[in-house]
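Only one structure is covered here, and it is reproduced in the block below.
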């Protein structure tokens, strides 16, 4: 099996991650937080080994989306031998707020 693509989080994606983590730490149980972290790690691992695994978005065929949890979707794109995570979007928000 190939070693996998390198993962790079954009500043925007990191700020969204911090925002969502602050929310879930205050509103979710420890078990839910643990499951979310496991799901996020698992999806990133899948993406690093097979970037085309998840579907392309309708707006931009170079950007792909992976549902992490019913509340969160990860948007990413492949550039050479690295994966750029563009956003971690909260699905309960207005879709017009997505910044890809």
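Quick check on the range 41-63. Is at least one of its residues in contact with a strand residue (DSSP E or B) (Cβ under 9 Å, 6 or more places away or on another chain), part of a strand (DSSP E or B) and at pLDDT 90 or above? Taking every residue of the range 41-63 in turn, at least one turns out to be in contact with a strand residue (DSSP E or B) (Cβ under 9 Å, 6 or more places away or on another chain), part of a strand (DSSP E or B) and at pLDDT 90 or above.
The single condition from (1) farther than 23 Å from residue 11 by Cβ; (2) touching a helix residue (DSSP H, G or I) at 6+ places or on another chain (Cβ under 7 Å); (3) exposed (fewer than 12 other Cβ atoms within 10 Å of the Cβ) that residue 26 fails is (2). Taken together, 59, 55, 77 contain a single residue that is touching a residue at least 40 places away in the same chain (Cβ under 8 Å) and on the phi < 0 side of the Ramachandran plot, which is 59.
Exactly one residue out of 73, 78, 57 is within 14 Å of residue 9 (Cα to Cα) and surrounded by 12 or more Cβ atoms within 10 Å (Cβ to Cβ): that is 78.
Restricting attention to the range 1-17, the residues that are free of Cβ contacts under 8 Å to residues at least 60 places away in the same chain, surrounded by 11 or more Cβ atoms within 10 Å (Cβ to Cβ) and part of a helix (DSSP H, G or I) add up to 2.
The values are calculated or read from the model by the stated rules, or taken from the named source; none is laboratory data. Remember, it's a predicted structure, so these values are computed and weren't measured experimentally. Backbone-built Cβ (ideal geometry, glycine too); neighbour counts: all protein chains shown.
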